[in-house]
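Inspection log for the structure reproduced underneath, given as structure tokens.
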Amino acid sequence: RCPKAIIALAQTYVSHIQAHEDADQGEVITIKEGDLASTAKVGDAILCRFNAPIIKQAYAFVAKGIPARVEGREIGEGLKKLAGRWKSKNFDELLKKLDAYEEREIAKATAKEQTARITSIEDSVACLRIIIDRVIKSGAAGVPALLINAEVDRIFGDDASKGPHVLLSTIHKSKGREWKNVFWLQTGPSKRAKLAWQVQQEKNLCYVAITRAQAKLILVEMEAAT
């Protein structure tokens, strides 16, 4: 099903997989994160292990006038719920509540050894911080939760219900789907994956990301966080 070059990379994670002898050669290339928004086109897919990096990239496309949507309406609804749980009157208050929430919930999950839950909390909070920063920089005035709701609705949506756009999705949500060109953000696996089965799950996700590409796979080297 996949081109030979893509299967060769997939063998890093699943050694027994083989390309069909009549498969196209395909292509695997690497680009820098800063080149992503000028390289990806409408109809392409951008995949990542986490949600926060793809939300950041969605804004880069919006800035260039390129239609972009983040896959997963339920993710957006979860962010709305998180933003509205404290009825904060301003963003300073909301950010303080968010910091306290993250510390408290991670402590609870750590005590219960809920590794997946910790990763989810960290990713959700990072997503919301990116959106809050976007709203603050826009200069919009009003109730924080309502402003965040409007912003979430702008970038999240179900792929099938939207016009032509660049699709940004977690690897989890890309399972069973394919695109001609796939960009894979090289964030690395979850740092919380320590046990053998957790490490294996992360490897499985890498295999899924690689094999979504029908023709070209573009590995996107991410800039170090500052």
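The values are calculated or read from the model by the stated rules, or taken from the named source; none is laboratory data. Source: prediction; values computed, not measured. Here the Cβ is made from the backbone with ideal geometry for all residues, glycine too, and neighbour counts use every protein chain on show. For the accessible areas, the whole protein counts, side chains as well, though only heavy atoms, and no ligand, DNA or RNA atoms are used. Shrake-Rupley method; radii C 1.70, N 1.55, O 1.52, S 1.80 Å.
Could you identify which residue out of Leu195, Leu128, Leu168 has the top mean-square fluctuation in a GNM of the chain using Cα springs shorter than 10 Å?
Per the Cα network of the chain with a 10 Å cutoff, Leu195 tops the list.
Run the reach check for Lys175 against aspartates and glutamates, Cα to Cα strictly under 16 Å, same-chain hits fewer than 8 apart removed. What comes back?
Asp44, Glu71, Asp158, Asp159, Glu202
With a cap of 10 neighbouring Cβ atoms within 10 Å, and only residues DSSP puts in a loop, list the chymotrypsin sites (Phe, Trp or Tyr not before Pro) found in the stretch 59-128.
Qualifying residues, ordered by number: none.
In deg cm²/dmol, rounded to 500, what helix-only [θ] at 222 nm does the chain give when every DSSP H run of at least 4 residues adds -39500 (n - 2.57) and the total is split over its residues?
Counting only the DSSP helices, I get -15500 deg cm²/dmol.
How big is the charge dipole of the chain about its Cα centre, in debye rounded to the nearest 20, if each Lys and Arg gets +1 on its Cβ and each Asp and Glu gets -1 on its Cβ?
With Lys and Arg at +1 and Asp and Glu at -1, about 540 debye.
If you roll a 1.4 Å probe over the chain with all protein chains in place, what percent of the accessible area is carbon or sulfur?
51 percent
Considering the dipole of the chain built from charges on the beta carbon (Lys and Arg +1, Asp and Glu -1) around the Cα centre, which of Ala150, Ala58, Gly84 is farthest to its positive end?
Of the options given, the answer is Gly84.
Most mobile of Arg129, Arg154, Arg177 per a Gaussian network model of the chain (Cα springs, under 10 Å)?
Comparing Arg129, Arg154, Arg177 in the GNM, the peak value goes to Arg177.
Find out how many positive minus negative residues lie around Gly139, taking Lys and Arg as positive, Asp and Glu as negative, among other residues whose Cβ is under 15 Å from that of Gly139.
After counting each charged neighbour, the total is 0.
Taking the chain as a Gaussian network, where each spring joins two C-alpha atoms under 10 Å apart, which residue of Ile17, Ile155, Ile75 fluctuates the most?
Comparing Ile17, Ile155, Ile75 in the GNM, the peak value goes to Ile17.
I'd like the orientation of helix 51-63 relative to the chain: the angle between its Cα long axis and the longest Cα principal axis, in ° from 0 to 90, rounded to 10.
So the inclination is approximately 90 degrees.
For the chain, calculate the relative contact order in percent as a whole number, restricting contacts to Cα pairs under 8 Å that are 6 or more residues apart.
Relative contact order for the chain comes out at 38 percent.
Compute the Cα gyration tensor for the stretch 35-163, then decide on rounded, prolate or oblate, letting a ≥ b ≥ c be the square roots of its eigenvalues: rounded whenever a/c is under 1.5, prolate when a/b is larger than b/c in the other cases, and oblate in all that remain.
Since a/c reaches 1.5 but b/c is at least a/b, the shape of the stretch 35-163 is classed as oblate.
Is the C-alpha gyration tensor of the stretch 80-226 telling us rounded, prolate or oblate? Criteria: a/c under 1.5 is rounded; beyond that, a/b larger than b/c is prolate, otherwise oblate.
oblate
Starting from the Cα of Lys137, draw a straight line to each of the aspartates and glutamates and keep only those under 17 Å, dropping any in the same chain fewer than 8 residues away.
Answer for Lys137, where 17 Å is the Cα cut-off: Asp92, Glu93, Glu151, listed by chain and number.
What accessible area per residue comes out for the chain, rounded to a whole number of Å², with a 1.4 Å probe?
I get 53 Å² per residue for the chain.
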